[in-house]
Structure formats: structure tokens, C-alpha cells
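Participant: Sharing a structure with you now.
The values are calculated or read from the model by the stated rules, or taken from the named source; none is laboratory data. Keep in mind that what you see is a predicted model, and the values were worked out from it rather than measured. Here the Cβ positions follow ideal geometry from the backbone for every residue, glycine too, while neighbour counts run over all protein chains shown.
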């Protein structure tokens, strides 16, 4: 069971934040707890594996793409971080206000309102010739008696004065109306200005549309840039693909080399087998040769034995004849038989020589065949193996040479055997001659005794 | 020191010098790409996630608290973007990784490539939460505190997730003969 405290210690150790005391504590506890120790080992290995993953470079155009896209985004709000000055705030507010789309219309509205205020203040209330007065304090109430007949007297001066006043008033009103007219004209000019402003506004709207089109064009441009970036990415991917293909080709070549190496090894093993078989064949051939030599020796021995028996028979016949014939005749016959025997022996020696020559010829032919096979093998080796394998070829050739030397030694042995055989034959001849001389001596003694 | 440099660059960017963000992009492109690669397991998608991460960071730079560490904030965005991508994809069995060319014989390279692929596949079998801590710990080399700040969870939770992820990986890698 791994407790939470050990887990905490393991985590700290893995993350490199454990103190020396904590490290010692962890070591001590891990010694006692095998499960925790195994957990720690595996987690450490996992950490090492994660650390083995190297950071990768981002695509080459990523940074440029980000910067380009940032240029199209709205600017960062800056007001919040600017120092607070009321003038600047007012100016900025006013500038912001002016920057609004409807600033022209608003200005027109302000001018119109100001004009109306001025107009109303002048026209209303209607002005009279008498000055208007305010009353302060208590109101003085006027109380008059009921009007009488005599009170009503027509005063022509006053009436005429009143008419003048009226005419004055009319003139004033005419002037006022003129003023109003001029103001109306001013208003019409303001209206025309307003209209002009509206036209400007329309133009501004048109400009805005153009601006939006330009923005759209910019967006298109950005998309085309993004497409070019994508294209460049594709190109980069293609480059990567090409590299991957190159790596694959390298891998294939490596695999091909490996397969070639395997084939070469197979060929080498086959060659080794062939060489072993050839060794076996050579040994069997050598054995066969020895066997043939032994057989030949045996046949020679049997022939010698036959000749010996024939000789014995001849000797027996001659002994029988010698009994009947004269010693001279017998002697002549013996001489003749001896000459015949010599001839036969000569023939046998010639035969032996021919046989030995034939065996030597066979051996030389075999050696030639071996040499040819060795040459073929060396050619095969040259084809299959490279420079390094030339050494092995030379070794093989030396082996072949050794074998050829062995064969020559065998040949020498066989020649020495043949020489020994000849010597034995010569010894036998000498023995025969000695026997013959002894028999002749015996016969001559017998003849002498008989005589 | 590095964090101070980041803060200075962020401040300059917030004051209107947009070019300074380019320096941050240059500095963090590789780590963010690698983080995304280990999270989503695919080179092309990792590049997309990295791009989105930087765009979001730029758009929300005024919301960044200058008292915090920029890389933690950026890694958090990258982790969130990766998790969003994983949720959208819902298939993590695809692995088209571009293995970098490393030194060694062709046989060693092939072996290393196969081993990296097996490890990446094992990482992809983790839950997104476990994968986040493993990627931040092992591939981004973040401490417990930094991981806690990045993921917005307690250090105890970080340790718990990391241990369970390690155990899962251990079993899987042992089973695969690594």
C-alpha cells in the first residue's frame, strides 16, 4: 500500500522540489516499501520518457501569419491606461464625438436649434412701443367713477397721434416681418447648407461603402495571403514528403543491402557446404585411389602368386623331365623357362608401370578437375563477395593448395609404394634366382650323385 | 527579469505601440505552438490554435492585469483555446506530427520518432484536464504555483491531477513496452 505522504514525496522528488530532508525520508521509506519503490521507478521512467520528447519548431510562416492577422484586428483600447487630464479627456471625447458618423447632421441640428432660439427670443412676446415695467411692492389699484357723457370728448390731435402711432407700429411690424423674412431666408440658406451636409453625409456613406469594399478587398488579400501561406505549407509538406521518400529509399536500400548480406551469407554457407562436400569427395577419391592401389597391389600379388605356382609347376615338370631327359637338355629347358619367366616378369613390371602411370594420370586429372572446381568457386566467390571476401577466397585457395599438396604427397606416397613394390618384385626375382640357382645346384648334385 | 520585460512590452502596446506585441509573438510562438501541439496532437491544428491564442490575447490585452505574469495569462488562453478545439473536434486519434530532424543514425532517428509518437498518443489518451497539467509541467516546465495561476485551480488540485495523469501514462507506456 502506497500512502499519500509517500506519493507526495515521490511527486516532489520527480518535480525537483524536494528538500534534502524530504529526499532522505523518501529513500528511507522506499527501502521499506517495495510497492512504493516500484511505483517510484516506473514514474521516474515515465518522466524520463516525457522529457525525451523534444520541443518542436513551429511552421516557418506561423509567426508572420500571426503578425499579419494581428494587423487586421481592432486596435487595443488605450484610454484606460492614459493619464487622467480633464482637458485631454474632453478633447478626446470631442474628437470621438467628431469622429462619429452623424457629426455633420448633429452640427446642423445644433445650428438650427440656435437659430430657432434667436428667432423666438426676438419675435415672442411681440414687442410694443411702450417699455414694459415690472411692479415691486404693493399694487396700486385704480378705482374710477362711472364714465359719463361729457367724459367722452373727441380729441382730433390725440386721434391723429394715435394714427401716427399705428402707422409707426405698422412700419415696425413691416420691419419685423422683413427681419423675419431675412431670417427665413437665413433659415433657407441653413436648410440648403443642411442639404449640402446631407449630400456630404451621403458621400461619406458612399465613402464608407468604398471603405468597406476596400476592407473586403483587404480581407480577400489576407485570404489570398493565407492561401499563399497554406501553399507554402503544402510546399513545406511536400518537401517533408520528399525527405520522407528519400528516407524510405534509404531504408529500402538498407533493407536491400541487408537482404544481399543475407544472400551472401547464404552463399557463403552453401560454399562452406560445397567445400565440405568437396573435402569429403576428395577424401573418398583419395580413399578410392588408395583402394585401387591396394587392389592393384593385390592383383599384382595374386599374379605373382600365380606366376609362382606356374613356376612351381614348371619346376615340377622340369624336375619330372629332368628325370627323363639329360641334364643338358634339362639345363637348356631350364634356361629357356627362365628366359620365359624373365620375360613374363618384365611384362608384369611393364604392366605395373603402365598401371601406376594410369593411376597417376587419373590423379592428375582429378587434381585438374579439383583445380577447375576451385577456379569456378573462386569465380563465384568473386561475384558474390566483395573485397573483404577476397581474403576468405585466398584462404580457400590456400586450403585448396594444401589439398593439392596433400594430393601430391599422396601421389608421392603411391609412387614410393610403387617403388617399394618394384623393390619387392626385384627382391622376389633375386630370391627366385637364388632358388633357381639352388635348385640347379641341387639338380646338378643329384645328377652327379646319379651319375 | 523576463516577466518585467513582458510587462514593459505589454504596457507599451497598451499605450499605442502595437509593434511591441510583435516582439511578444516572436518570443512566445514556439512555446505556444508546442503547448498546442501536445494538447491537440496535430501540427496544423496546433498552428491554428496558436494563431487564435495570440489574436485573442491582443484583442483582450486591456483586460490583462499588469500585476500578473504575462506568460501565465497567455498559456491560459492557449490551454482554453486547445480545450475548445478538442471539444469541437472530439477526435484525438489523428496524429500528423512533424518530428524535427535530430542527430544520430537513421535507425536511431526512426526509433526516436516511433517513441515520440507513442508518447504523444499516450498523452492524447489523457482527459483534457490531466493533459493540461502534464503539458504545462513536462513540456512547458511550469512550477506548481505557475500551473495553479495558469489553470486557475489550487496547487493541491494541480498535484492531484498530475499524479493521476502520471499513473495513467505509466500504465499505458508499460503496456506498450516503453
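Participant: In this structure, does residue A:341 turn out to be buried (at least 17 other Cβ atoms within 10 Å of the Cβ) and assigned by TED's automatic domain parsing to the domain that holds residue A:408? If you could, list the steps in order and put the result at the bottom.
Facilitator: Working: buried (at least 17 other Cβ atoms within 10 Å of the Cβ): yes; assigned by TED's automatic domain parsing to the domain that holds residue A:408: yes.
Yes: the conditions hold for residue A:341.
Participant: Output the number of residues of the stretch B:1-22 satisfying the condition of being under 20 Å from the mean Cα position of the chain (by Cα) and surrounded by 16 or more Cβ atoms within 10 Å (Cβ to Cβ).
Facilitator: Residues meeting the conditions: 3.
Participant: Moving to a separate point now. Quick check on residue A:257: is it under 30 Å from residue A:373 (Cα atoms) and touching a residue at least 12 places away in the same chain (Cβ under 8 Å)? Explain how you work it out, then say what you get.
Facilitator: On the way: under 30 Å from residue A:373 (Cα atoms): yes; touching a residue at least 12 places away in the same chain (Cβ under 8 Å): no.
No.
Participant: Quick one: which helices (runs of 4 or more DSSP H) lie wholly within the stretch B:9-95 and hold at least 2 residues that are more than 15 Å from residue B:136 (Cβ to Cβ) and at the interface with chain A (Cβ under 9 Å from one of its Cβ atoms)?
Facilitator: So the answer is B:19-40, B:43-59.
Participant: Given the structure, is residue A:247 surrounded by 11 or more Cβ atoms within 10 Å (Cβ to Cβ) and without any contact (Cβ under 8 Å) to a residue 12 or more places away in the chain? Don't jump to the end; show me each part of the working.
Facilitator: Values: surrounded by 11 or more Cβ atoms within 10 Å (Cβ to Cβ): yes; without any contact (Cβ under 8 Å) to a residue 12 or more places away in the chain: yes.
Taking the combined requirement at face value, the residue satisfies it.
Participant: Out of all the residues in the stretch A:318-337, which are without any contact (Cβ under 8 Å) to a residue 40 or more places away in the chain and under 16 Å from residue A:435 (Cβ atoms)? Spell out the reasoning first.
Facilitator: Pass one, the stretch A:318-337, residues without any contact (Cβ under 8 Å) to a residue 40 or more places away in the chain: A:318, A:320-321, A:323-326, A:328-329, A:332-333, A:335-337.
A:318, A:335, A:337 - these are the residues of the stretch A:318-337 that are without any contact (Cβ under 8 Å) to a residue 40 or more places away in the chain and under 16 Å from residue A:435 (Cβ atoms).
Participant: OK, next. Across the stretch A:260-305, what is the number of residues that are surrounded by 13 or more Cβ atoms within 10 Å (Cβ to Cβ), touching a residue at least 12 places away in the same chain (Cβ under 8 Å) and over 30 Å from residue A:424 (Cβ atoms)?
Facilitator: Number satisfying all stated conditions: 7.
Participant: Pick out the one residue from A:261, A:293, A:288, A:214 that is more than 14 Å from chain B (Cβ to nearest Cβ) and touching a helix residue (DSSP H, G or I) at 6+ places or on another chain (Cβ under 7 Å).
Facilitator: A:293
Participant: Of these, A:433, A:393, A:388, A:403, which one is loosely packed, with under 15 Cβ neighbours inside 10 Å, within 60 Å of the chain's Cα centre (by Cα) and in the same structural domain as residue A:301 (by TED's automatic domain parsing)?
Facilitator: Every option except A:388 fails the conditions.
Participant: Could you please let me know if residue A:443 is part of a helix (DSSP H, G or I) and under 30 Å from residue A:298 (Cβ atoms)?
Facilitator: no
Participant: Scan the stretch A:46-64 residue by residue and report those that are more than 8 Å from chain B (Cβ to nearest Cβ) and over 26 Å from the mean Cα position of the chain (by Cα).
Facilitator: A:64, the sole residue that qualifies.
Participant: Find the residue count for the stretch A:25-45, including only residues that are at the interface with chain B (Cβ under 7 Å from one of its Cβ atoms) and at pLDDT 90 or above.
Facilitator: Residues of the stretch A:25-45 that are at the interface with chain B (Cβ under 7 Å from one of its Cβ atoms), as a first pass: A:42-43.
Now restrict to residues that are at pLDDT 90 or above: A:43.
Qualifying residue count, the stretch A:25-45: 1.
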